[in-house]
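Here is the structure we will look at, set down as C-alpha cells.
No value in this document is a laboratory result; all are computed from the given coordinates. Model, not experiment: these values are computed from the prediction. Because the Cβ atoms are built from the backbone with ideal geometry, glycine has one as well, and the counts that use them run over all protein chains shown.
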Amino acid sequence: MQNTAIHQYNGYAVQPSAHRLPDGSFSSNLLLERTDRGHTGGCYHFYSLDYFASEEQALQHSTSWARNWVDTRG
C-alpha cells in the first residue's frame, strides 16, 4: 500500500508517500519537484527517510522533512 498527496511549498511540488513494509511498519518517502518558472529542472527522490508505526506518522514526517529541506537548500 502506498498513499500519496501532492501540494505546493515555496516553488516545489511536494509528494510525500508512505510504503508499508513486511513487518507492518511504514517507510517515509518523498518526491520533490521544482515548479518555479525562474528555475529549470530539479526533481529529487528521497527513500526511507525514517520508519514509523503508522502511515499517518510517516506521511507527516515526509512533509515536515520536505519543508525543512526546501527552507535550508531550496
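Looking only at region 27-74, count every residue that is among the small types (Gly, Ala, Ser) and part of a helix (DSSP H, G or I) and tell me the total.
Number of matching residues: 4.
Taking into account only those residues within region 26-41 that are small (Gly, Ala, Ser) and surrounded by 14 or more Cβ atoms within 10 Å (Cβ to Cβ), which is farthest from residue 13 (Cα to Cα)? It would help to see each step written out before you state the result.
Start the filter on region 26-41 by keeping residues that are small (Gly, Ala, Ser), which leaves 27-28, 38, 41.
Going one step further and asking which of them are surrounded by 14 or more Cβ atoms within 10 Å (Cβ to Cβ), we end up with 27-28.
Values: 27: 20, 28: 17 Å.
Here the residue is 27.
Please specify each residue of region 9-49 satisfying the condition of being without any contact (Cβ under 8 Å) to a residue 24 or more places away in the chain and among the acidic types (Asp, Glu).
Result: 23, 33.
Residues of region 42-58 being surrounded by 11 or more Cβ atoms within 10 Å (Cβ to Cβ) and touching an Asp or Glu at 6+ places or on another chain (Cβ under 7 Å), which ones?
The answer is 42, and nothing else.
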